[in-house]
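Encoded as structure tokens, the structure appears first; notes follow it.
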Amino acid sequence: MKRNDVVDIMKGLAILLMIVGHCRIPDFLRVSIFSFHMPLFLIIGGYYFRVKQVDVLIRTSFHRLIEPYLLVGFLTALIYYLFGFVSEASFRFLGILYGNNGSDVAFVDTPYCGAVWFLLALFWCRMLFYYVYSFTKIWLLLCLIFSLLSSLFGYYIWNPPFGFLIGMSCLSFFATGKYLNLHKIQIFRLFLVKIPKKKFKFLVTGGVILAWLTAISLSRLEIAKFYYHIYPVAFIGACSGTTLLCLFARLIHKRTNICRKFFMYLGKNSLLVLCYHQLSYHLIRIVENNVFVDNYLVILLNIVFSILFVKLHNSTKQIVRND
């Protein structure tokens, strides 16, 4: 399927918000970002999901998701070990083996694997969705049920190893993306443009904004820890937030040039940004343990180093190809 520039800009915006969300920011801002930033990637993933032979799906998903998950996770542990933080290195090493970020209230506590939890979760989400979608016509309903039950179990009881359960909890958003595609609901072209009268466009836009603001005021969403406070409201908040970011991405695509190219680059390399963000985040965290760094500078450094690492990665890869 041909790449969509607006989708790349959406992903670029969301991955940048992810970096900001992992820094020390006001709680209301964190709640706002977390309400939709990772669901957005799942919705887009479901939208572009194509049924393939299962061996091809496993092979490509393993190469694209599991390999970087393991590499980045072990490098994170190695960074702490080299700087003398042996206990933290062990914690991170166990976290990457265990494969999730646990829950704050579950009966069984687990170590954390960090931001790359999403790679493992997306792998299992793709596998699970393939089988549900391929073998039943009520796949959307089943995905919603599996997502709700797994999030409750993971939050209150236990998050089993290897990230399987958190992948299951992501099914609702992934299935939503596929549903949009099948019914030709062009959210990434923003359905507002099909409404002929401007006043109705504003009304619909206002309704989406109101839905999102209501959701973030009544609920909280943190997929990595199975936290869906008032699940239906959190789900609505994720979908309405994704729609609003789509509108903003369309404005960037239409009215700017430099910003368009910048966010498209981030969007095309969003998984790389995620991986290098984890490494830069922990490097900066080690520095913060020894030297005071202003909070806004920490945010800027996280963004700059994540992008620089991606640029270096792509430049090195291009040089190797040319040779």
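Structure summary
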read-out: Selection count where residues are out of contact with any Leu (no Cβ under 6 Å at 6 or more places or on another chain) and either under 18 Å from Arg50 (Cβ atoms) or not in a loop (DSSP other than H, G, I, E, B) (or both), scope segment 137-146; value: 6
read-out: Flag if Leu190 is modelled with pLDDT of 95 or more and under 22 Å from Thr242 (Cβ atoms); value: no
read-out: Members of segment 103-140 that are among the polar types (S, T, N, Q) and in contact (Cβ under 8 Å) with a residue 40 or more places away in the chain; value: Ser103, Thr110, Ser134
read-out: Unique match (being among the hydroxyl-bearing types (Ser, Thr, Tyr), more than 29 Å from Asn181 (Cα to Cα) and in contact with a His (Cβ under 9 Å, 6 or more places away or on another chain)) among Tyr98, Tyr80; value: Tyr80
read-out: In segment 221-237, the residues that are hydrophobic (A, V, I, L, M, F, W, C) and over 15 Å from the mean Cα position of the chain (by Cα); value: Ile230, Val233, Ala234, Ile236
read-out: Residue that is modelled with the highest pLDDT [pool: residues in segment 246-276 that are in contact with a Phe, Trp or Tyr (Cβ under 7 Å, 6 or more places away or on another chain), closer than 24 Å to Ala115 by Cβ and not hydroxyl-bearing (Ser, Thr, Tyr)]; value: Leu274
read-out: Considering residues of segment 104-115 that are β-branched (Val, Ile, Thr) and surrounded by fewer than 17 Cβ atoms within 10 Å (Cβ to Cβ) only, the residue farthest from Ala224 (Cα to Cα); value: Val108
read-out: Count - residues of segment 72-91 that are touching a residue at least 24 places away in the same chain (Cβ under 8 Å) and under 15 Å from Ile286 (Cα atoms); value: 6
read-out: Candidates Arg285, Arg260, filtered to the one that is of a type in the set (D, E, K, R), crowded, with 18+ Cβ neighbours inside 10 Å and more than 18 Å from the chain's Cα centre (by Cα); value: Arg260
read-out: Selection count, segment 226-235, where residues are closer than 14 Å to Met38 by Cα and out of contact with any strand residue (DSSP E or B) (no Cβ under 8 Å at 6 or more places or on another chain); value: 1
read-out: Selected residue [of a type in the set (A, V, I, L, M, F, W, C), surrounded by fewer than 21 Cβ atoms within 10 Å (Cβ to Cβ), modelled with pLDDT of 85 or more and in a helix (DSSP H, G or I)] from Phe153, Phe118, Phe129; value: Phe153
read-out: Subset tally (residues that are outside any loop (DSSP other than H, G, I, E, B) and touching a Phe, Trp or Tyr at 6+ places or on another chain (Cβ under 8 Å)) for segment 82-99; value: 9
read-out: Extreme residue, farthest from the chain's Cα centre (by Cα), among residues of segment 169-183 that are buried (at least 24 other Cβ atoms within 10 Å of the Cβ) and of a type in the set (A, V, I, L, M, F, W, C); value: Ala175
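The values are calculated or read from the model by the stated rules, or taken from the named source; none is laboratory data. Just so it is clear, the structure is predicted and the values come from calculations on it, not from any experiment. Don't worry about glycine lacking a Cβ; one is built from the backbone with ideal geometry, like all the others, and counts go over all protein chains shown.
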